[in-house]
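Single-structure report; data block below.
The values are calculated or read from the model by the stated rules, or taken from the named source; none is laboratory data. Note that the structure is a prediction, hence the values are computed from the model and not measured. Cβ atoms come from the backbone with ideal geometry, glycine included; neighbour counts cover every protein chain shown.
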Amino acid sequence: MSDSVLYEVTDGLATITINRPDAMNAMNTEAKVALRDALQTAGQDTAVRAVLLTAAGNRAFCVGQDLKEHVGNLISDRETGTSLTMSTVADHYNPIVRAITEMPKPVVAGVNGVAAGAGFGFALAADFRVVANTASFNTSFVGVALTADSGVSWTLPRLIGASRASDLLLFPRSLKAQEAYDLGIANRLVPSDALAAEAAAVARTLADGPTVAYAAIKASLAYGASHSLSDALEKEDALQTMAGASEDHAIAVQAFLAKEAPRYLGR
């Protein structure tokens, strides 16, 4: 891993920290590659049962593309007659969002500050967002004459509706934490000095939970977003059969009968 993204696994919980606080955790190429690789590693590691995605410092979660590097890349493209700069969407942002949304385990975003552009997209892709009351969100894309990426065109309208999503994309502004909570973007709003502990506690609860069931819930929600009710019911049937065959389901039933708290194995 790179110093720009830190990766640590403790008792089934992978903590991934974007670590460019002096640049408001903006994504240069090194950070994008490191974040993509860290998320893919966590997704494929059977020892990881939940992921906490957060950022260093208290000013920003991630402000999206590092525009200083971006401008330099555009100049290089013009001088060489190439068009490599915008391939970052296919090479980095799309794989990052897919890694978050498609991994068979829950991802918690601990949003400690500004989440803008691609950073907003990363937070929206997570399954649960714990947000500091000093944080804010901004689509930002139109401000640099670009369109939405990092899944924002898909995730944002599903959370707040197409009309509000159009408003925020066409007329970008700083969306304060309380408004984000009221709209349903933030799942939990906490004081800034409690953000790290609360996000870690939520992620720890998920890491200790029934991993197979969580994976099935993620899969059913993603499937239901683009399929009919009839198809969704069939998908639920298949996923419930899988969850019902898990060791964790047997543990949960035995614990219920014994009136004890279940201790899940994640399989």
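Out of THR54, THR101, THR15, THR85, one residue alone is modelled with pLDDT under 95, crowded, with 16+ Cβ neighbours inside 10 Å and in the same structural domain as SER174 (by TED's automatic domain parsing). It is THR85. Please verify whether GLY119 is touching a residue at least 12 places away in the same chain (Cβ under 8 Å) and within 25 Å of GLY224 (Cβ to Cβ), treating the condition exactly as stated. The answer is no for GLY119.
Has the stretch 123-132 got any residue that is without any contact (Cβ under 8 Å) to a residue 40 or more places away in the chain, closer than 30 Å to ARG49 by Cβ and either crowded, with 24+ Cβ neighbours inside 10 Å or not assigned by TED's automatic domain parsing to the domain that holds SER220 (or both)? Yes - at least one qualifying residue is present in the stretch 123-132. For the stretch 119-133, the set of residues classified as within 11 Å of the chain's Cα centre (by Cα) and not in a strand (DSSP E or B) consists of GLY119, PHE120, GLY121, PHE122, ALA123, LEU124, ALA125, ALA126, ASP127, listed by residue number. Being over 17 Å from ALA123 (Cβ atoms) and surrounded by fewer than 15 Cβ atoms within 10 Å (Cβ to Cβ), is that true of even one residue in the stretch 175-184? For the stretch 175-184, residues over 17 Å from ALA123 (Cβ atoms) and surrounded by fewer than 15 Cβ atoms within 10 Å (Cβ to Cβ): absent. Given the criterion assigned by TED's automatic domain parsing to the domain that holds ASN28, crowded, with 24+ Cβ neighbours inside 10 Å, closer than 30 Å to ASP182 by Cβ and β-branched (Val, Ile, Thr), identify the matching residue among VAL108, VAL142. The unique qualifying residue is VAL108. Identification of helices (runs of 4 or more DSSP H) wholly contained in the stretch 157-264 with 2 or more residues that are of a type in the set (Asp, Glu) yields 177-183, 229-244, 247-258. Within the stretch 166-174, is there a residue that is farther than 18 Å from GLY64 by Cα and out of contact with any Asp or Glu (no Cβ under 9 Å at 6 or more places or on another chain)? Yes, the conditions are met somewhere in the stretch 166-174.
Of all residue pairs spaced 6 or more apart or on separate chains, those with beta-carbon atoms under 8 Å, a first member in the stretch 226-250 that is in contact (Cβ under 8 Å) with a residue 12 or more places away in the chain and closer than 18 Å to GLY209 by Cα and a second member that is assigned to a loop (DSSP other than H, G, I, E, B) and hydrophobic (A, V, I, L, M, F, W, C) are GLU247/LEU265; ASP248/LEU265. Of ALA31, ALA47, ALA60, all but one fail to be within 14 Å of GLY119 (Cα to Cα) and free of Cβ contacts under 8 Å to residues at least 40 places away in the same chain; the exception is ALA31. Selection within the stretch 134-167: residues that are of a type in the set (Val, Ile, Thr) and closer than 30 Å to ALA197 by Cα. The member of this set that is farthest from the chain's Cα centre (by Cα) is THR134.
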